[in-house]
Amino acid sequence: MTLVARRRERLEELASQLRERHGTRAEVLGHDLGNSSGRDDLAAALDDLGLTVEILCNNAGFGSAAPFVRLERER
Ligand SMILES: NC(=O)c1ccc[n+]([C@@H]2O[C@H](COP(=O)([O-])OP(=O)(O)OC[C@H]3O[C@@H](n4cnc5c(N)ncnc54)[C@H](OP(=O)(O)O)[C@@H]3O)[C@@H](O)[C@H]2O)c1
């Protein structure tokens, strides 16, 4: 399992819990997925580790509290 977010320290704690409680492999990569260079760096890091993505759980995002059609397009 590969955990990705901007704040590595939070992911390190989660990775420790996953290893201890579930005996799973868990490595941490710190990348900003909000820009193309961050995404490219992540792809390169996965290549370097010899990892192939089989399942992606994308949790990064933000919410909006209004009907979608009334939201500002830029947002
Ligand atoms: N909470 C709710 O009630 C709720 C309801 C419906 C839908 N959602 C959706 O579910 C998703 C997660 O919500 P949540 O409440 O769990 O949010 P959250 O606690 O803010 O978690 C978002 C995760 O994404 C990471 N992240 C954010 N921006 C990133 C970026 N640019 N690059 C890499 N990683 C990034 C954050 O870590 P870092 O900040 O360290 O990068 C964090 O681990 C969102 O898409 C949200 O819109 C949430």
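Yes or no: Leu33 part of a loop (DSSP other than H, G, I, E, B), surrounded by 10 or more Cβ atoms within 10 Å (Cβ to Cβ) and more than 13 Å from the chain's Cα centre (by Cα)?
Working: part of a loop (DSSP other than H, G, I, E, B): yes; surrounded by 10 or more Cβ atoms within 10 Å (Cβ to Cβ): yes; more than 13 Å from the chain's Cα centre (by Cα): no.
When the stated conditions are applied, Leu33 does not pass them.
Given the criteria modelled with pLDDT of 95 or more, away from the ligand (no atom under 14 Å from the Cβ), among the basic types (Lys, Arg) and surrounded by 10 or more Cβ atoms within 10 Å (Cβ to Cβ), does Arg19 qualify?
Judged against the criteria, Arg19 is a match.
Output the number of the condition that Gly61 fails; it satisfies all remaining conditions of (1) more than 9 Å from the ligand (Cβ to nearest atom); (2) surrounded by fewer than 10 Cβ atoms within 10 Å (Cβ to Cβ); (3) at pLDDT below 95.
Of the numbered conditions (1) more than 9 Å from the ligand (Cβ to nearest atom); (2) surrounded by fewer than 10 Cβ atoms within 10 Å (Cβ to Cβ); (3) at pLDDT below 95, the odd one out for Gly61 is (1).
I'm trying to understand the selection: among the residues of the stretch 1-11, which are charged (D, E, K, R) and either under 17 Å from Asn59 (Cα atoms) or within 8 Å of the ligand (Cβ to nearest atom) (or both)?
Arg6, Arg7, Arg8, Arg10, listed by residue number.
Could you list, ordered by first residue, the pairs with Cβ atoms under 6 Å in which the first is in the stretch 33-61 and in contact (Cβ under 8 Å) with a residue 12 or more places away in the chain and the second is surrounded by 10 or more Cβ atoms within 10 Å (Cβ to Cβ) and assigned to a helix (DSSP H, G or I), at least 6 apart or interchain?
Matching pairs, first to second residue: Leu33/Arg39.
Look through Arg75, Arg25, Arg39 and report the one residue that is surrounded by 12 or more Cβ atoms within 10 Å (Cβ to Cβ) and either within 14 Å of the ligand (Cβ to nearest atom) or not in a helix (DSSP H, G or I) (or both).
Details: Arg75 fails: surrounded by 12 or more Cβ atoms within 10 Å (Cβ to Cβ); Arg25 fails: surrounded by 12 or more Cβ atoms within 10 Å (Cβ to Cβ).
When all the criteria are applied, what remains is Arg39.
Pick from Val4, Val53: which is among the aliphatic types (A, V, I, L, M) and surrounded by 14 or more Cβ atoms within 10 Å (Cβ to Cβ)?
Val4
The values are calculated or read from the model by the stated rules, or taken from the named source; none is laboratory data. From a predicted model like this one, the values you see are computed outputs, not experimental measurements. Positions of Cβ are backbone-derived with ideal geometry, glycine not excepted, and every protein chain shown enters the neighbour counts.
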